[in-house]
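Accompanying notes for the structure given below.
The values are calculated or read from the model by the stated rules, or taken from the named source; none is laboratory data. All values derive from a computational prediction rather than experimental measurement. Virtual Cβ from ideal backbone geometry, glycine too; neighbours counted across all protein chains shown. Quick note on the areas: whole protein, heavy atoms, side chains included, nothing else; ligands and nucleic acids left out. Shrake-Rupley method; radii C 1.70, N 1.55, O 1.52, S 1.80 Å.
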Amino acid sequence: MSNSTSAMVELMAFQRQTEALSAVAGRLAWDQETVMPRGAAEQRSEEMAAMEAVLHERRTDPRLGEWLDAATPESDREARILELIGREFARASAIPADLATEMARLTSLAQGIWAQARANDAPGDFLPTLDQIVVLKQDEAAALVAAGFGGGDAYDALLDDYEPGMTQAELEALYAEMRPRLVSLREDVLGAENPPAALEGRFPQEMQLRLARACATAFGYDWNRGRLDMAVHPFSSGRWQDSRISTRVVEADPFNCIYSTIHEVGHSSYELGIDPDHAFTPLGRGVSMGVHESQSRIYENQMGRGRAFTGWLYQRMSDMMGGLSVADADAFYRTVNRVQPGYIRTEADEVQYNLHIMMRFDLERDLISGRLAVDDLPEAWNARFLKDFGVAVDRPANGMLQDVHWSVGLFGYFPTYALGNVYAGCLNEAMRAAVPDLDESLARGEAGPGVEWLRENLQRHGGLLPPRELVETATGAAVSPEPLLDYLEEKFGAIYGL
C-alpha cells in the first residue's frame, strides 16, 4: 500500500469515528430539547462540554494535517472529502479548545434559561447569559478572521460556517432586490377587500398530533428511521439511519403544528435521503443550512400550502372535527395562506417571512460588531419591528425571546432561511416543469413524486457539491430570487384578487 493510499485509509477511519461521536453529541442535544428532565440542565451542560472537548481535540489532531498532506484523491468524491475535512480542520484549529468547550457548556445551559425567560416574559433573566454568548462568539469570530476566514470580517467568518462561500455583501444585495417587491405585495394584500377568514375553534392536542403524523407520512417521512416529539421550538436532529423531528401544539392554531411538522420533515428527509455510501463522511450531511432550508420550505410551502394538498388536508381535518368554520376546500386554502400582521417568525406567512429574516440579519450583525449592546437588544428589536411591520411588540415572548437560535450560539444562521426560500423558489420552478402532474398526487395526500424529484436531483448528493453549484445543477439555471418572487406574486395575487 502506497503512503498516499495508507494516509487516505487512516484519515477515513479516523473521520468515521469523529462523525459518529458528532452524531452522539447531536442526540444529547435532541434529548435535552424533548424528553430530558428539567432539573438535569446543569449536568447536561457538563456532558455537552465534555463531548465538545473530545470532538475539538479530534478535529484539531495534528495527524489530520499529515494525512491531508500525504493523501492523493483517486476520484472527484475523494477530492471533495479531502476538501471538506481540510476546511473543518482549519476552522477547528483556529478556535482555542477552551473557547470551544466553554461555548458548548454555556449554550447547553442557556437553552433552559432562554426557555424559562420566554415562558415568564422576562428578558432580563436571559440577557446576562446572552451577553456571555455574544462575547464568546466575538472571540470565535476574531480567531477565525486571524486564521484567514471571512475575508477579514467577523460576521462573514461566522456566516461561512452555515453557508460556505456566502458573504453579507451578497446577502445585502439579495435582500435589496427582494425587499421592494415583498413590501409592495404585502401592502397590496393587506389592503385587499374580503380577506380570507381565520380558522375558528379549539383543536385538541391529540387530534393535531394525529394530523401531523398523517402529513409527515404523506410527505414520505421514514418512521422506521425517525420519530416525532414535542419541543418548545420545533427542530430536526440526526442523520443517516436516525433523523428525528419535533413539533409544538397551540390548541387554537392547528396550522402551527401541522406546518411545523411538514417543515421539519423536509429537513429530516434531506438527511435521510443522502446516498448511504456517504454516511460517516463529511458528504453524509446537508451541504449548507441554506440548502437545508430549501427542503423544509419547499415541503411546507410550495407543496404543503398549495391548493392541491390543502384540499386533502381540509377533508382530513373536517372529518376529524365533524366540520370546520370555513365553508369548503377553496376557502380553507385561502385561510391556510392568510396574510396578517403577526409577531412570530415561525408562524409568518410566505409574503412576510423573509422580512422577519432581514430584521434578524441586521440585529445580529450589530451584536457581533459591537454596534448594539445586548442590554439594548429588546428596545432595538421592538423599534425595528414597529418600523418594518407597523405593529408594536406586545410582550417579550413575541419579540426578542421568540427564537432559540441566539441562546445556542447560532450567529450567522438566520440569513440562510431567506436564502433557503430563494433556493426553494428555483427548485420549485424546475420540479414543476419536470413533474407536471404533481398536483394530482398532492390532491390525494401523496407528495411522493415531488419528494422523489428532490431526492434524486438534490438530496442524495449530500455534501458532494458546494451549495450554489448543487442548486444550479439540480435546476439547470443560475440561482435568482425571481422564481420565488414571481411565485409569491402569482399565488397571493390570485388568493387576494389583486
Go through the residues of region 368-381 one by one and say whether even a single one is in contact (Cβ under 8 Å) with a residue 60 or more places away in the chain and in contact with a Phe, Trp or Tyr (Cβ under 8 Å, 6 or more places away or on another chain).
-> yes
Which number in (1) buried (at least 19 other Cβ atoms within 10 Å of the Cβ); (2) in contact (Cβ under 8 Å) with a residue 60 or more places away in the chain; (3) within 29 Å of ALA92 (Cβ to Cβ) marks the one condition that PRO196 misses?
-> (3)
Filter region 370-384 for residues that are within 22 Å of ALA157 (Cα to Cα) and open to solvent by 60 Å² or more (accessible area, probe 1.4 Å) and give the result.
-> ARG371
Test ALA447 against the stated conditions and say whether it is open to solvent by 20 Å² or more (accessible area, probe 1.4 Å), of a type in the set (A, V, I, L, M, F, W, C) and assigned by the TED database to the domain that holds GLU177.
-> no
Consider ASP222 against the criteria (1) within 25 Å of ARG468 (Cα to Cα); (2) touching a helix residue (DSSP H, G or I) at 6+ places or on another chain (Cβ under 7 Å): it satisfies all of them except one. Which criterion is unmet?
-> (1)
Please tell me if VAL145 is in the same structural domain as LEU367 (by the TED database), free of Cβ contacts under 8 Å to residues at least 40 places away in the same chain and either closer than 19 Å to PHE411 by Cα or surrounded by 19 or more Cβ atoms within 10 Å (Cβ to Cβ) (or both).
-> yes
Just need a number here: residues in region 473-497 that are surrounded by 16 or more Cβ atoms within 10 Å (Cβ to Cβ) and under 15 Å from LEU454 (Cα atoms).
-> 2
How many residues are among the hydrophobic types (A, V, I, L, M, F, W, C), under 25 Å from GLU187 (Cβ atoms) and part of a loop (DSSP other than H, G, I, E, B) if we restrict to region 317-362?
-> 3
By residue number, the members of region 1-20 that are open to solvent by 50 Å² or more (accessible area, probe 1.4 Å) and among the small types (Gly, Ala, Ser) are SER2, ALA13
Kindly establish whether ARG202 is under 26 Å from SER325 (Cβ atoms) and among the charged types (D, E, K, R).
-> yes
Hits in region 171-182 - residues which are free of Cβ contacts under 8 Å to residues at least 60 places away in the same chain and open to solvent by less than 70 Å² (accessible area, probe 1.4 Å) | ALA173, ALA176
Of all residues in region 385-398, count the ones that are in a helix (DSSP H, G or I), open to solvent by less than 40 Å² (accessible area, probe 1.4 Å) and of a type in the set (A, V, I, L, M).
-> 1
Is one or more of the residues making up region 293-303 within 16 Å of ALA218 (Cβ to Cβ), touching a strand residue (DSSP E or B) at 6+ places or on another chain (Cβ under 9 Å) and in a helix (DSSP H, G or I)?
-> yes
Filter result (surrounded by fewer than 19 Cβ atoms within 10 Å (Cβ to Cβ) and more than 30 Å from ASN3 (Cβ to Cβ)) within region 42-83 = GLU42, GLN43, GLU46, GLU47, ALA50, ALA53
